[in-house]
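See structure below.
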Amino acid sequence: MKRRTFLRITACTVAAGLLKSCGDDGGDAPLPWEGSPQPGDALFPQSVASGDPSPNTVILWTRLEDAEARASGEDVPLYLEVARDAAFEEPLALGGERVLRVTAEGAYDHCVKVRLQGLEPGMVLYYRFVVVRDGEAWMSRTGRTRTAPAPEDEVPVRFAFVSCQDYNGRYYHPYRAILDEDPDFVLHLGDYVYETTNDPGFQTGTEDRQMVFDDTAEAIVFNEGEEDEYHAAVTLEHYRTLYRTTRSDRDLQAAHERCPFVCTWDDHEFTNDAWGANGTYFNGRVDEEDVDRRKAASQAWFEYMPVDWPQGPDFRYDPEAPFPGDLIIYRDLRWGSLAHLLLPDVRTWRTEHLVDEGGFPGRVVMTEDQLLAQPGGLPDVQGPYIDLDAPENAPLRQLVADGAESGGYDPAHARGLVSVTWLDDLANRLDPDGTSPDVPRVPEDGRDELPRGIAFHHFAKTAPYSSLGARDLVVEEPLLRYSAHLWEESQRTSEDMLGPEQEAWFIDTMRSSTARWKIWGNAYPLSAMAVDLRTVETAPPALAQRFLMTAEDWAGMPRRRHHVLAAIADVENVLVCTGDRHAFLAATPHPDGDPDARVVEFVTGAVSSGTFGSIVLSRAQSDPTLRSAGAPALALLLRDFLLNRDVRANPHIAEGLMREHGFVMVELDADHAEATFHYWDEAVARQPEPPAEEEHRVIHFRVPSGSRSIERATGDGGWERWDLQTLTWTPVD
Ligand SMILES: [Fe+2]
């Protein structure tokens, strides 16, 4: 085995008894340097970090920047000091020594991770790293961290949760407010980095604040040669650059220096809308599975994030290990008797998105017989279809082949069951006046007798090789029917989010937890976000549908979502803390047809990434199909459509903010879980200066233990409860 290819943690047991005095344990031994170390920020440009505290362990992290060692790849010795106080006057002995010698290994970009063991529950400790150069000692900034309380201790819990911190032209102001709250830990739900350098779809790089790869030879290139050319990370060096640059931010550093972090990943730690080792940039046009790229992303995450892992302290990241399973990040942490935090990994083991992005829009995917076999019979959204392989339909087969080039699809699709609506649209496109004898049409006579089914265009999939109608903006009814159909056909394997092993772990851990509050650290929402434009007079006919705004998350796998929620239906006090959406939501998703089994989900807005409202608007403006259908005017009303009480599109969503940044602060005691949205207007993220105090707004929510209902502070000391029947806030007595 090539030892140098593995990053491992240096595990260090803090000697028993050290906690009283360290003199007996080697604390009086001479230090490897003379005098006091000098501040060496330039040698530790990402500062320090800590994470994954347990009652007896915590992970400490730093990275040494040394141009010479970087060029040669040589290892550099460092020293770690740990103390009970910030002045290091009460040092802790590390493995019997006053300082612990660790190695910043060239093979790991000179990242260092140390797992302290044998600590006391609920203790605060300070730490710093020291490097000695020509007899002179240089130190990192001092970090502060803490261990978790003992599992039996009923200690109130306070944590902040965050996600989505795009660096390009954007600033991390919410972290300052997080430090004002002084949480026990920060829960990071992913999109800690973004893998693209400046995607004009949502990134806004500036000269001062821009992700740049030194070497783009192996990067994925978009808009090549154009003014808005940008790149996506592929190599280990690219992914490391993302972390080095992101963590050059002083606000983010300060948060890591003051609080332990508990982190999971979402898609952008690897690639947009990732599933397994697959990307989705090209929407089915090319095979985007790239295991080496996935491993480069995983290795960089492993090197830079202060995470412990379930495989134990001897685990070493081995890029030769088969994917998936090369890095298992799902895990759980206890914080006293009140909190049990579960962090499933929803990206590594998930199946592909249900609707094929590359799908041919005219293709029938559910026949009349299949629809009639389901409860409910024929759905509202369906249409007639014909069989192009029938001899009498040969002219129509030719029509489909003729339209392939201008329609951007493969002429090989000119076969099988095809939607008549789609054939009509195609004929109208090729022959707008309806006069050409060369453009055959489906006869008007006999249409009523044709079988009716669901084709890809019924999902709003107007073009092949597009995420529209597949991952984004999908008509809900056909998605639910198709999902149910595939689920039965595949013996319940068509949709998977966690993989069998992780799902069993997740459900067992939830069901057997003895903690008061079960905190589900969830990388993307459980709560579906539907927009129902069927009764909106200003909606153009093409958009008069009930859409799911996204099917990239749990809402896009309705059967699996139901299965998991039903399996934990009788677990009390589940609090789902969610990232990814770049929007705030307070909601109570539930298994299908069983609102009594709901869980409470709070979704945080992005720290800095473009808000959901602004991304939807920019997509509506830039996509020709959406723009010509009149979507931009509707996009401005997104929040109204989501929360409109008359339309009842989302009875489970009590509150939502679509164009704000911020974080959520959670405070738990035996009686209540409180969640506070801290938010700022989206303009703030692009200003280098911290926002004025009055720009910081909050909404307080709470959930009484055992209730499964969301309450909101009224502002005068009272509370009101979200009522699922009336969809109103009603006073709590
Ligand atoms: Fe994000």
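Within region 582-606, can you find the residues that are within 16 Å of the ligand (Cβ to nearest atom) and open to solvent by 10 Å² or more (accessible area, probe 1.4 Å)? Walk me through how you get there before you give the answer.
So the first thing to find is which residues in region 582-606 are within 16 Å of the ligand (Cβ to nearest atom), and the list is 582-585, 603-606.
Result: His582, single match.
Show the residue pairs meeting these rules: Cβ distance below 8 Å; 6+ apart or different chains; first residue within region 181-195 and touching a residue at least 40 places away in the same chain (Cβ under 8 Å) and among the β-branched types (Val, Ile, Thr); second residue open to solvent by 10 Å² or more (accessible area, probe 1.4 Å) and within 16 Å of the ligand (Cβ to nearest atom). Filtered contacts from region 181-195: Val193/Tyr167; Val193/His268.
Against the test of being without any contact (Cβ under 8 Å) to a residue 24 or more places away in the chain and farther than 19 Å from Val576 by Cβ, the options Gly499, Gly446, Gly469 yield a single qualifying residue, Gly446. Tell me, yes or no, whether region 568-578 has at least one residue that is within 16 Å of the ligand (Cβ to nearest atom) and either over 21 Å from Asp267 (Cβ atoms) or in the same structural domain as Phe506 (by TED's automatic domain parsing) (or both). Within region 568-578 (the criterion being within 16 Å of the ligand (Cβ to nearest atom) and either over 21 Å from Asp267 (Cβ atoms) or in the same structural domain as Phe506 (by TED's automatic domain parsing) (or both)), the answer is yes, since at least one residue qualifies. When the test is whether a residue is within 22 Å of Ala274 (Cα to Cα), open to solvent by 10 Å² or more (accessible area, probe 1.4 Å) and either polar (S, T, N, Q) or within 16 Å of the ligand (Cβ to nearest atom) (or both), Phe202 passes it. Of the residues in region 38-57, at least one is at pLDDT 95 or above, surrounded by fewer than 19 Cβ atoms within 10 Å (Cβ to Cβ) and assigned to a strand (DSSP E or B).
With a requirement of 3 or more residues that are of a type outside the set (Lys, Arg) and either within 16 Å of the ligand (Cβ to nearest atom) or open to solvent by 70 Å² or more (accessible area, probe 1.4 Å) (or both), the strands (runs of 3 or more DSSP E) lying completely within region 607-719 that satisfy it span 660-668. For the condition open to solvent by 10 Å² or more (accessible area, probe 1.4 Å) and not assigned by TED's automatic domain parsing to the domain that holds Asp52, what is the one hit in Ala515, Ala542? Being open to solvent by 10 Å² or more (accessible area, probe 1.4 Å) and not assigned by TED's automatic domain parsing to the domain that holds Asp52 holds for just one of Ala515, Ala542, which is Ala542. If you go through region 256-286 and keep only what is closer than 24 Å to Phe202 by Cα and over 18 Å from the mean Cα position of the chain (by Cα), you end up with Phe282, Asn283, Gly284, Arg285, Val286.
Listed by position, the strands (runs of 3 or more DSSP E) enclosed by region 497-589 include none that has at least 2 residues that are at pLDDT below 95 and in contact with a Leu (Cβ under 8 Å, 6 or more places away or on another chain). Cβ-Cβ distances below 8 Å connect the following pairs, each with a first residue in region 74-100 that is closer than 17 Å to Val48 by Cα and small (Gly, Ala, Ser), a second residue that is in a loop (DSSP other than H, G, I, E, B) and open to solvent by less than 10 Å² (accessible area, probe 1.4 Å), and a separation of six or more residues or different chains: Ala83/Leu92. Consider Asp326 carefully, then state whether it is charged (D, E, K, R) and touching a strand residue (DSSP E or B) at 6+ places or on another chain (Cβ under 9 Å). When the stated conditions are applied, Asp326 passes them.
Screening region 151-172 for residues that are more than 16 Å from the ligand (Cβ to nearest atom) and open to solvent by less than 10 Å² (accessible area, probe 1.4 Å) and picking the one that is nearest to the chain's Cα centre (by Cα) gives Ala160.
The set of residues in region 565-589 being touching a His at 6+ places or on another chain (Cβ under 7 Å) and within 20 Å of Arg721 (Cα to Cα) consists of Ala587, Thr588, Pro589. The one condition from (1) within 16 Å of the ligand (Cβ to nearest atom); (2) in a strand (DSSP E or B); (3) open to solvent by 10 Å² or more (accessible area, probe 1.4 Å) that Trp138 does not meet is (1). With the condition kept exactly as written, say whether any residue in region 487-506 is touching a strand residue (DSSP E or B) at 6+ places or on another chain (Cβ under 9 Å) and not aromatic (Phe, Trp, Tyr). Looking through region 487-506, none of the residues is touching a strand residue (DSSP E or B) at 6+ places or on another chain (Cβ under 9 Å) and not aromatic (Phe, Trp, Tyr). The lone criterion from (1) open to solvent by 20 Å² or more (accessible area, probe 1.4 Å); (2) under 22 Å from Pro688 (Cβ atoms); (3) touching a strand residue (DSSP E or B) at 6+ places or on another chain (Cβ under 6 Å); (4) modelled with pLDDT of 95 or more left unmet by Asp184 is number (2). Please go through region 297-347 and pick out each residue that is open to solvent by 10 Å² or more (accessible area, probe 1.4 Å) and small (Gly, Ala, Ser). Answer for region 297-347, where residues must be open to solvent by 10 Å² or more (accessible area, probe 1.4 Å) and small (Gly, Ala, Ser): Gly312, Ala321, Gly325, Ser337. Somewhere in region 478-491, is a residue farther than 16 Å from Met366 by Cα, part of a loop (DSSP other than H, G, I, E, B) and at pLDDT 95 or above? Checking region 478-491: at least one residue is farther than 16 Å from Met366 by Cα, part of a loop (DSSP other than H, G, I, E, B) and at pLDDT 95 or above. Selection of first residues in region 356-375 that are farther than 30 Å from Val286 by Cα and open to solvent by less than 10 Å² (accessible area, probe 1.4 Å) and of second residues that are assigned to a loop (DSSP other than H, G, I, E, B) and polar (S, T, N, Q), restricted to Cβ pairs under 8 Å at least 6 apart or on distinct chains, gives the following pairs, ordered by first then second residue: Leu371/Gln382. Is there a residue in region 650-664 that is in contact with a Lys or Arg (Cβ under 7 Å, 6 or more places away or on another chain) and more than 28 Å from His562 (Cβ to Cβ)? Scanning region 650-664, I find no residue that is in contact with a Lys or Arg (Cβ under 7 Å, 6 or more places away or on another chain) and more than 28 Å from His562 (Cβ to Cβ), so the answer is no.
If the condition is being in contact with a strand residue (DSSP E or B) (Cβ under 8 Å, 6 or more places away or on another chain) and away from the ligand (no atom under 16 Å from the Cβ), then region 533-554 contributes Leu533, Arg534, Gln545, Arg546, Phe547, Leu548, Ala551. Among the residues making up region 645-680, a single one is among the aromatic types (Phe, Trp, Tyr) and more than 21 Å from Val616 (Cβ to Cβ): Phe663.
Mind listing whichever residues of region 244-275 are in a helix (DSSP H, G or I) and within 16 Å of the ligand (Cβ to nearest atom)? Within region 244-275, Thr246, Leu252 qualify. Does at least one position in region 434-448 carry a residue that is in a helix (DSSP H, G or I) and either assigned by TED's automatic domain parsing to the domain that holds Leu378 or buried (at least 19 other Cβ atoms within 10 Å of the Cβ) (or both)? Yes: region 434-448 contains one or more residues that are in a helix (DSSP H, G or I) and either assigned by TED's automatic domain parsing to the domain that holds Leu378 or buried (at least 19 other Cβ atoms within 10 Å of the Cβ) (or both). Among residues of region 33-61 that are on the phi < 0 side of the Ramachandran plot, those with a beta-carbon under 9 Å from a residue that is open to solvent by 30 Å² or more (accessible area, probe 1.4 Å) and β-branched (Val, Ile, Thr) at least six positions away or on a different chain give the pairs Trp33/Val132; Pro37/Val132; Val48/Thr142.
Taking region 216-242 as the search range and keeping residues that are assigned to a helix (DSSP H, G or I) and away from the ligand (no atom under 16 Å from the Cβ), which one is surrounded by the fewest Cβ atoms within 10 Å (Cβ to Cβ)? Only one residue tops the list, namely Glu237.
The values are calculated or read from the model by the stated rules, or taken from the named source; none is laboratory data. Keep in mind that what you see is a predicted model, and the values were worked out from it rather than measured. When we count neighbours, we look across all protein chains shown, and the Cβ atoms used for this are built from the backbone with ideal geometry, even at glycine. Side chains included, ligands, DNA and RNA excluded: accessible areas come from the protein's heavy atoms. Shrake-Rupley method; radii C 1.70, N 1.55, O 1.52, S 1.80 Å.
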